[in-house]
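As structure tokens, the structure follows; a few thoughts come after it.
The values are calculated or read from the model by the stated rules, or taken from the named source; none is laboratory data. It should be emphasised that the depicted structure is a prediction, and the values quoted were computed from it without experimental measurement. All Cβ positions, even for glycine, are placed from backbone atoms using ideal geometry, and neighbour counts span all protein chains on display. All accessible areas refer to the heavy atoms of the entire protein, side chains included, with ligands and DNA or RNA removed. Shrake-Rupley method; radii C 1.70, N 1.55, O 1.52, S 1.80 Å.
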Amino acid sequence: MIGVFDSGHGGLTVLQALTRHLPRQRFLYLGDHGHAPYGNREPEEIYRLTVAAVERLFGQGCRLVVLACNTAAATGLRRLQQTWLPQHFPDRRVIGVLVPMVEAITGVPWMADIRTGRHRGEPRTVAIFATRHTVRTGAFVEEIGKRAPEITVVQQACPVLVTLIERAAPEAVLRRAVRRYSALLMRQLQGVPPDAVILGCTHYPLVADLFAEALPPGVEVLSQPDITARSLKAYLQRHPEFDTAGGDEAPPEFFTTGDAARVSTLATRFYGRPALFRAIGAEALAGVR
Ligand code: DGL
């Protein structure tokens, strides 16, 4: 099994792309709906919840876990990979959604000697919409800047958007919020449209059309699901020991720390197909509230 983790429904946008690009892999999804949203929490709490979720997925038989949550990945993926994983599960792996996006936007492979990646192209401005916490970590700014300093990165936090999406707010409410964040971004940019926009939260592809509508025409809107799926495909080719492909296609399994019936109803709407969640106790994830 390949585990896919998010604080709630957002990772379903990634899972959908993973199943499309890798239909024979076995996926197990865990949404920590009982603790969502992560984006306004303290870093240590986000880290503890993430570690607990990964441990839970390992306990279900996953040997590879994809953190389909920028907030979790930006906060603690490196620390988790460098300290917790080698100590507790040296033969398992955890990867995220931030690395594939940084590679895609800069054209520089993550492991490249980044001195060779300097000033490769024309100056560009890339804007990132993300949770408040992802913005605070500065992870996108730092990692893009190291690889492609010709890119100016401008960040805009969208603090209530995940909560609105998780609550299945009416489209008019979502549209208003997206318009407000887009206007704040354009104010930061003094009205000059960016060359591209990254939806740096896996919940946001669910309102990608609203972002496209709110931004000036012609701005490219990049979201993570397909980029992550292509990256996982390449990863499995490099690391066949984590390949879980069976002879036939098997639907993913779904777990939540929230109310399974409610989560399943909303998930079907977001995922585009039935997604029947089973509950695991929220207290199982590190006892954080
Ligand atoms: N989908 C998560 C992300 O990519 C949302 C985080 C949250 O729960 O605030 O950042």
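Quick notes on this structure:
- Any chance P149 is touching a Pro at 6+ places or on another chain (Cβ under 7 Å) and more than 21 Å from G10 (Cβ to Cβ): no
- Among the residues of the range 162-201, the ones that are within 16 Å of the ligand (Cβ to nearest atom) and not small (G, A, S) come to 13 in all.
- For the range 243-265, the set of residues classified as crowded, with 21+ Cβ neighbours inside 10 Å and in a helix (DSSP H, G or I) consists of V263 only.
- Residues in the range 46-69 that are under 15 Å from the mean Cα position of the chain (by Cα) and assigned to a strand (DSSP E or B) were compared, and the one that is farthest from the ligand (Cβ to nearest atom) is V65.
- Scanning the range 121-144 for residues that are of a type outside the set (D, E, K, R), surrounded by fewer than 20 Cβ atoms within 10 Å (Cβ to Cβ) and at pLDDT below 95 returns G121, P123.
- For the range 26-45, residues that are over 14 Å from the mean Cα position of the chain (by Cα) and surrounded by 24 or more Cβ atoms within 10 Å (Cβ to Cβ) total 1.
- The range 211-224 - residue that is modelled with pLDDT of 95 or more and in a helix (DSSP H, G or I) and, of those, surrounded by the fewest Cβ atoms within 10 Å (Cβ to Cβ): E213
- Flag if R147 is basic (K, R) and open to solvent by less than 70 Å² (accessible area, probe 1.4 Å): yes
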